[in-house]
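Derivation of every value follows stated rules applied to the coordinates shown; laboratory data play no part. Note that this is a predicted model, so its numbers are computed, not measured. So basically every Cβ, Gly included, is an ideal-geometry build from the backbone, and we count neighbours across all protein chains shown.
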Amino acid sequence: MTPGNDHDISFEVLVNANKKKVFNVALNFVRHVEDAEDITQEVFIEVYRSLKGFNRQSSEATWIYRIAVNKSLDHLRRQKTQKRFGFLTSLFGESGELKHDQSHTDHPGILLENKERSRALFAAMDTLPESQKTAFILFHIEELAQKEIAEIMETSPKAVESLIQRAKAGLKLKLEKMYKRGI
Amino acid sequence: MEKEKWIEEVFESTKGMRKLEASPFLFEQVSARVNKQEPRLSIGIKWAMGFTAALFLTINILSVGQATDFKHQAAAKTASQQEFNYITVYSY
């Protein structure tokens, strides 16, 4: 990157216009500020690299959202693998502990009075399949329209609607079990 | 029902959620990581690398040529020796 270069100036504008959105999407997935910051950086590195090849079939915002979702899911997958590997190494006496355990992390943007209940929601969300979880986060937390979610997830609005319905049904079942267990 | 009410409240618990601000130095952090991953080479270094590659190629071609010459010379020497031996044997 060279200061003063036209491409880099437009990239700086792009970063500043979208960084809050990207950071909050990542945060909704990982619920950890440092990890979300790291994902945000990775998203914009990816954007910088593929900016020239961006074909404008979708809007810039949708494209950036898509990268943010994919990077967040990648991060969660890596974390899961790390967790499994940590368990295996702990069997052999080596410490393979994670920096933090996602399941015990509160979302930093949640209002204080909602912390307890949101913990149950996020714990239930962690059990959902990736596509349902993505659709639910984008719809329920990011409050995006189903059409926009469909563009981000590269599917049809009908499929998004079905994913959201299934996510809600799955969450309800999980929450009922939690309620019976006394959470 | 209490359970239904609780589930509804859990679903609503993300309402009014605060959007957090990203790092004010994000652009600088991204720039630093991009530059670290893709170090820019100066024109001089690029020319030097090109020159070195060309030099290596030339040396390689020359040594292959020389090796072929040596092979030819050795083959010719063997052939003449064989011919000499043949003549010698024949004379004997």
(message) Just want the ordering: A:Arg77, A:Arg56, from fewest to most Cβ atoms lying within 10 Å of their own Cβ.
(response) A:Arg56, A:Arg77
(message) Going through the cross-link list A:Lys180/B:Lys15; A:Lys71/A:Lys180; A:Lys83/A:Lys174, which pairs have a Cα-Cα distance over 30 Å in this structure?
(response) A:Lys71/A:Lys180
(message) Take the residue pairs A:Lys80/B:Lys3; A:Lys133/A:Lys158; A:Lys168/B:Lys3; A:Lys133/A:Lys172 and return only those whose Cα atoms are more than 21 Å apart.
(response) A:Lys80/B:Lys3
(request) Would you order B:Ile43, A:Ile64, A:Ile164 from fewest to most other beta-carbon atoms within 10 Å of each residue's own beta-carbon? (result) B:Ile43, A:Ile164, A:Ile64
(request) Going by C-beta contacts inside 10 Å, put B:Val64, A:Val15, B:Val34, A:Val22 in order with the fewest on the left. (result) B:Val64, B:Val34, A:Val15, A:Val22
